[in-house]
Structure formats: structure tokens, C-alpha cells
1. In the set Gly104, Gly94, which member is in contact with a Lys or Arg (Cβ under 7 Å, 6 or more places away or on another chain), small (Gly, Ala, Ser) and at pLDDT 75 or above?
2. With the structure loaded, tell me whether Val62 is β-branched (Val, Ile, Thr) and in a helix (DSSP H, G or I) or whether it fails that test.
3. Exactly one of (1) in contact with a helix residue (DSSP H, G or I) (Cβ under 7 Å, 6 or more places away or on another chain); (2) at pLDDT 95 or above is unmet by Asp59. Its number?
Amino acid sequence: MAEVPQTMDPKIVKVSEELSCELNEVEWQNRARDLADAQEGLEREEQRKKDVSKQLNADVAVAKNRVSKLASVVATRREQREVTVEVKYDYDLGVVTRTRTDTGEVISEREMTDQERQAELDFRDANEVIEDTRAEERAADEAEDEESDTTEDDITEDDLDDDAEEDLGEGNLPKETEE
């Protein structure tokens, strides 16, 4: 005879699984606030991404521009620089000549325009002339005053005695007064 298997008690194990659950009112409001906050955060990050992207694009453009300029300089062995240029207006020949001061190379030569042919005259403002004249007159007056300025403090007793002796030595005797 066959044996009847003994019955075993069922094995029960508790596990955690994510399942759909219906929210109560408080849970629903909390999730709605979380959704609004998450949406704002997403918009901020997207804007930051745009800003960073713009900055990176600008940085890349600057780097490309520098590479392009340097490639051109290396290929041509020339570059643009600020150089002092002498502009000569030759009124006798009626020519304007532009010459580099660093190498002496004549850059261009052309005929003068009618306006350039008019020699520049040194006109001065009438007020400047008047002020300069007044300043010169004041300086001359001050110099003259310094020469002729002799105050009593400058004359000493010795000077007075010397003057008196000179007067006596020349036959100029003091007049006696009658009493």
C-alpha cells in the first residue's frame, strides 16, 4: 500500500512589492506640491543647461576665432599691428606721402586735395593774445618795481655818512644858520 503523504503547513513569506495604492486627500495634496516643486526644478535646470550651453558655445567660438587668426598669421607670415605712420604734406610738389616710421617704407603717395593745398596759418584767439600781452606787461612792471624799490630799511647809517662826506668833499659846506 502506498503511503499517504503527510500534509505540510503552508509556508508564508512576507515580501515588499510596489503596487498601485489609492491616495487619501492629504497624500494627494502632498504629491501635488511635490509635482509643482519638481516642475520648477526641471525648468531651472533646463534654463541652466541653456545658459551653460550658450557660454560654452561662446567659448568655443572665441577659441575657433583665435585658431583661425593664428593659422592665417602662420600661413602668411604677416599680422596686423599698430604702427606709427608719418603723413607728409609737401606743398611744393602738391603731394601727401604716408611713410611707416618703423621701416621707412612709403605706404602711399597721392595728390593733395584742394582743401589740403591751403597752407595752415597759425591763427590765435584774440583773447589769448590779449592775455599774453597783459601777462608780459605785468612781468615787466614787477621787474621794474624790483629794480627801483629802495625802502628806508635798505639805507644804512653808513650810507648816510658816506653821502654827507661826499657832499662836504665837493666844497659844499653846510650853511651856517644865523641865530
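1. Testing whether each residue is in contact with a Lys or Arg (Cβ under 7 Å, 6 or more places away or on another chain), small (Gly, Ala, Ser) and at pLDDT 75 or above leaves just Gly94.
2. Yes.
3. (1)
Yes/no matrix, rows are residues, columns are (1) acidic (Asp, Glu); (2) at pLDDT 95 or above:
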| residue | (1), (2) |
| --- | --- |
| Ala32 | no, yes |
| Ala36 | no, yes |
| Leu42 | no, yes |
| Glu45 | yes, yes |
| Arg48 | no, yes |
| Lys64 | no, yes |
| Ala71 | no, yes |
| Glu120 | yes, no |
| Phe123 | no, no |
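The values are calculated or read from the model by the stated rules, or taken from the named source; none is laboratory data. None of the values given here were measured: they were computed from a predicted structure. Quick reminder, even Gly has a Cβ in these numbers, built from the backbone with ideal geometry, and neighbours come from all protein chains shown.
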